[in-house]
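Report on the following structure.
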């Protein structure tokens, strides 16, 4: 299972291969591929699988209060949208229906409370406005 903090549920909706470092991008690409293949996300508190390339730095923002506050806001927005809890220990799959609902709400800015003040906000808004073109996560499962 992919371990994700709640605000990364939103970040992955618009992830197009940009990130903090090459290692971060490689890791995010791998996670997006796993989620796109149907692997569920386990909601965790604090640093998650996406944060892994940044965790060698004790001052990494992943450990600070701001991401934790983003997690709380994202969890509340996503829970309201999906009509079910989104808290540590819960799982979410990016199936076609869920991904469509999340992306539609994100584009309409109804699940964006966690995004306020984020340095990636303008990029994410642009990607959502362009129909999520080039986004790495999809609900299209590989033929098997």
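The values are calculated or read from the model by the stated rules, or taken from the named source; none is laboratory data. Being a predicted model, the structure only gives us computed values, none of them experimental. Backbone-built Cβ (ideal geometry, glycine too); neighbour counts: all protein chains shown.
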### Query
Considering region 97-113 alone, what residues qualify as being in a loop (DSSP other than H, G, I, E, B) and free of Cβ contacts under 8 Å to residues at least 12 places away in the same chain?
108, 109
### Message
Can you pull out every residue in region 35-56 that is within 14 Å of residue 94 (Cβ to Cβ), surrounded by fewer than 17 Cβ atoms within 10 Å (Cβ to Cβ) and in contact with a strand residue (DSSP E or B) (Cβ under 7 Å, 6 or more places away or on another chain)?
### Response
39, 40, 42
## Note on the structure
Reported set for region 11-28 where residues are part of a helix (DSSP H, G or I), modelled with pLDDT of 90 or more and more than 12 Å from the chain's Cα centre (by Cα) is 25, 26, 27
### Query
residue 87 passes all but one of (1) touching a strand residue (DSSP E or B) at 6+ places or on another chain (Cβ under 9 Å); (2) modelled with pLDDT under 95; which number fails?
(2)
### Query
Just a yes or no: is a residue in region 29-41 part of a strand (DSSP E or B) and under 21 Å from residue 106 (Cβ atoms)?
yes
### Message
Whether any residue in region 114-134 is under 16 Å from residue 40 (Cα atoms), touching a residue at least 40 places away in the same chain (Cβ under 8 Å) and not in a loop (DSSP other than H, G, I, E, B) is what I want to check.
### Response
no
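With respect to residue 94, is the statement that it is part of a loop (DSSP other than H, G, I, E, B) and within 23 Å of residue 135 (Cβ to Cβ) true? Break it down into steps so the answer makes sense when it comes.
Values: part of a loop (DSSP other than H, G, I, E, B): yes; within 23 Å of residue 135 (Cβ to Cβ): yes.
So residue 94 passes the test.
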### Pair list, Cβ < 6 Å and 6+ apart or interchain, from region 68-90 residues that are without any contact (Cβ under 8 Å) to a residue 12 or more places away in the chain and at negative phi to residues that are in a helix (DSSP H, G or I) and surrounded by fewer than 18 Cβ atoms within 10 Å (Cβ to Cβ)
85/79
### Conditions (1) surrounded by fewer than 20 Cβ atoms within 10 Å (Cβ to Cβ); (2) part of a helix (DSSP H, G or I); (3) at pLDDT below 95; number of the one not met by residue 80
(3)
